[in-house]
1. Taking amide H positions as placed in the peptide plane 1.01 Å from N, state which residues far from Val170 in sequence (5 or more) or on other chains have amide H under 5 Å from it.
2. Please give the direction-averaged projected area of the C-alpha convex hull for the stretch 265-311, in square nanometres with one decimal.
3. What is the projected area of the convex hull of the Cα atoms of the stretch 146-207, averaged over all directions, in nm²?
4. In units of 2.2 N^0.38 Å, what is the alpha-carbon radius of gyration of the stretch 286-337?
5. Just the accessible area for Thr47, please: 1.4 Å probe, Å², rounded to the nearest 10?
6. Kirkwood hydrodynamic radius for the stretch 118-238: how many Å is it when counted over pairs of different Cα atoms?
7. How long are the semi-axes of the equivalent ellipsoid of the chain, defined as square roots of 5 times the Cα gyration tensor eigenvalues? Whole Å, largest first.
8. Mind checking which of Ile121, Gly368, His19 is farthest towards the positive end of the chain's charge dipole, using Cβ charges of +1 (Lys, Arg) and -1 (Asp, Glu) about the Cα centre?
Amino acid sequence: MHIVADDNIPLLSEFFAGHGRLSVFPGRQLKTVDLMDADVLLVRSVTRVDKALLSGTPVRFVGTCTIGTDHLDLAWLASAGIQVASAPGCNARGVVEYVLSCLLTLAERTGQRWQERVVGIVGVGQVGSRLAATLDALGVSTLLCDPLRAEAGEPGFVGLDELLARADVVSCHVPLSVCGAHATRHLFDEQRLHSLRQGSWLINSSRGPVIDAGALEQVLAQRDDLQVALDVWEEEPLVSSSLAACCALATPHVAGYSLDGKLRGTEQIYQALCDYLGESYQHQLANLAPLTGQARLELAASPPADWALQKALRCVYDVRDDDARMRQMLQQAQTAPDSAAACRAGFDRLRKNYPLRREAPLLSIGLGSAASADLKTSLQAAGFSLD
Ligand SMILES: NC(=O)C1=CN([C@@H]2O[C@H](COP(=O)(O)OP(=O)(O)OC[C@H]3O[C@@H](n4cnc5c(N)ncnc54)[C@H](O)[C@@H]3O)[C@@H](O)[C@H]2O)C=CC1
Ligand SMILES: O=C(O)C(=O)[C@H](O)COP(=O)(O)O
């Protein structure tokens, strides 16, 4: 069997070498000619997989080690009889940590308590429901919008316009879809952006085209009360530097970029391939994953609860670091002879050379015996292990 894979997928040979020959390519550069004797194609989100890429190749199985599937032409793949697998939820925890870090940062900058803001979650699937559970456990009020779940008869959801009218923070976790009653492309158009409450925070870590970037830039030119955090961009890897300049936080599509999330994505696709081939699993992530990046945080005997939670969350992930790297990249790109090409290359470089990031359960926290029950509860709610 010949497996062709994106070179940005970790633990490729550990999981897949036993299945046959493995060839790797930069995901954005993969071409049909590279697949002329391939049986299996493994991608992440940057490879458009459609008839143009696969027609005339022997590929029978496509696995994307990501949550999102908008880069796959699912209808054509089904019609061509090609098996498809994705990795639901693999990096959802990382995205939740990104959103929590945005909340801390925007609160610090605006002098407000994030715990007192009503957080509206648009799209309540793997990411949105984990975010809602974490915020609920931390005592933060949430509003949930998911018309597909609401139409399936599940209680507890509000419509988007009601959410926008009531929420102080709007965090977006929908898949990108371009047709159907609940299409999400430009879900946030000029009118909806204008309807954000005074002083709102808008966070998008779903897909860039969910927000109309041109409209957002216009609205931000008129409203300096809004705080916007964008992890995803309408034309990425090209980023509008004028839009980034209006954003409070700008990051290069790394919300879910914990090592744990990427490794889980690889394992889920390995398991899907084994299932497709009718084979048992020979490898397990727990036996293969590198034991690096675990950390320990010792807190004082009885630290104030807000301070300790903030310190622990910052230890796990600090969005300000990714924002600073992105802004430096954009500034350098502006002075390059071909600034668009420099931006595209810089965006991908930041992602390819992403620093080691582990998730909250990998940070063990030492608490003094006098630590309050409230603090223990909120650290556990945020996903930390205590001893
Ligand atoms: N920035 C990053 O690093 C990452 C981005 N993502 C993006 O986040 C998206 C969401 O991830 P998951 O929660 O795992 O997906 P999911 O498929 O588990 O959940 C998406 C939810 O959105 C709902 N939905 C669909 N259309 C909607 C609409 N018009 N309005 C409101 N809700 C709608 C669905 O019913 C579903 O419950 C992914 O599709 C992916 O594009 C995911 C992981 C990392
Ligand atoms: O899982 C998803 O969906 C994502 O957005 C991934 O974090 C994207 O990662 P890459 O495919 O761009 O490496």
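The values are calculated or read from the model by the stated rules, or taken from the named source; none is laboratory data. What you see is a predicted model, and the numbers here were worked out from it, not measured in a lab. We place every Cβ from the backbone using ideal geometry, glycine too, and count neighbours over all the protein chains shown. The protein model used for the area step is the full one, side chains on, heavy atoms only, and it has no ligands, DNA or RNA in it. Shrake-Rupley method; radii C 1.70, N 1.55, O 1.52, S 1.80 Å.
1. Gly120, Trp201, Leu202, Ile203
2. 5.4
3. Values: hull surface 17.7 nm².
Spelled out: convex hull of the Cα atoms, projected over all directions, averaged, 4.4 nm².
4. 1.78
5. 10
6. On the way: mean 1/r = 0.0689 Å⁻¹.
Across the stretch 118-238, the inverse of the average 1/r is 14.5 Å.
7. Details: eigenvalues 228, 140, 89 Å².
The three semi-axes for the chain are 34, 26, 21 Å.
8. Result: Gly368, furthest along the dipole toward the positive end.
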